Amino acid sequence: MMTFLYILAIIIGVLVLLASFAPKKYDVNRSIVINKPRQEVFQYLKYIKNQDEWSPWKNRDPGMKQTFSGEDGTVGFISKWDSDHKQVGAGEQEITGITPDEQIRTELRFLKPWKSVSTAYIETRESADGATKVTWGFSGTNKVPMNIMMLFYNMDKAVGKDFEEGLEELKIVLENQLKEPNIEK
């Protein structure tokens with residue numbers, strides 16, 4: 001019986017030690033320069049429904065179920081998705097803040113494959129020659145004991161490649177459109 005208690009105490013001690021060293025916060029983002037004026041790029045990005053044209057997750061499951069509530073491009077708009085694809089899952093995204101021509105903030109509420117909440121953002125900054133630097137990212141807090149998992153999972157590498165893929169597609173969509181971008185869906 002004492003051996004069992006010693007082993008249990010060691011396991012608990014290791015878990016406490018790991019939890020104290022494991023990352024508690026994350027912030028993953030990527031940027032790209034788009035050869036379009038900042039105002040035009042921002043006007044396109046503030047409409048969540050436009051993400052269907054460049055989102056890496058929509059490309060993975062074009063048939064995912066989606067529902068919307070509120071007025072797209074305004075605070076309070078909610079986009080919900082549900083997919084059986086393991087890299088898409090289910091959740092919702094709500095616009096929580098808009099700073100005109102600068103930033104769109106959303107709250108991402110993931111329901112599956114696991115529950116979590118993150119703050120997402122898309123920022124636009126003027127770049128050289130009238131181009132626009134777009135930064136897409138998300139941040140949040142890893143709660144104990146989930147933060148221990150982050151010692152073995154590189155979120156920047158895993159999600160960062162999705163952001164890179166999406167931004168490359170966004171660049172193609174915006175730079176190659178022959179007509180005005182679809183800003184109201």
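Candidate cross-link partners of Lys36 among the aspartates and glutamates, defined by an alpha-carbon separation under 16 Å and a same-chain spacing of 8 or more, comprise Asp101, Glu102, Glu123, Glu126, Asp129, Glu168, Glu169, Glu175, Glu180. The base-10 log of I(q)/I(0) for the stretch 1-131, evaluated at q = 0.12, 0.21 Å⁻¹, reads -0.61, -1.28 [Debye formula, identical scatterers on Cα atoms, solvent excluded].
Kindly flag which residue pairs out of Lys25/Lys49; Lys112/Lys133; Lys24/Lys49; Lys46/Lys112 have an alpha-carbon separation exceeding 27 Å in this structure. Lys25/Lys49; Lys112/Lys133; Lys24/Lys49, as the Cα separations exceed 27 Å there. Among Tyr26, Tyr44, Tyr6, a tally of other beta-carbon atoms within 10 Å of each Cβ gives an order, fewest to most, of Tyr6, Tyr26, Tyr44.
Using a simple charge model, +1 on the beta-carbon of Lys and Arg, -1 on the beta-carbon of Asp and Glu, nothing else, what dipole does the stretch 2-176 show about its Cα centre, in debye to the nearest 20?
The calculated dipole for the stretch 2-176 is roughly 720 debye.
Can you put Ile104, Ile10, Ile32 in order, fewest other beta carbons within 10 Å first? Walk me through the numbers before you get to the answer.
Values: Ile104 23, Ile10 10, Ile32 16.
Fewest to most other Cβ atoms nearby, the residues stand as Ile10, Ile32, Ile104.
Of the residues Val28, Gln51, Phe77, the one whose Cα sits farthest toward the positive end of the charge dipole of the stretch 20-84, with +1 on the Cβ of Lys and Arg and -1 on the Cβ of Asp and Glu, is Val28.
A short reminder: the numbers here are calculations on the coordinates, not readings from a lab. Computed from a predicted model, the values in this text were never measured in an experiment. FYI the Cβ positions are ideal-geometry reconstructions off the backbone, even for glycines, and counts take in every protein chain you see.
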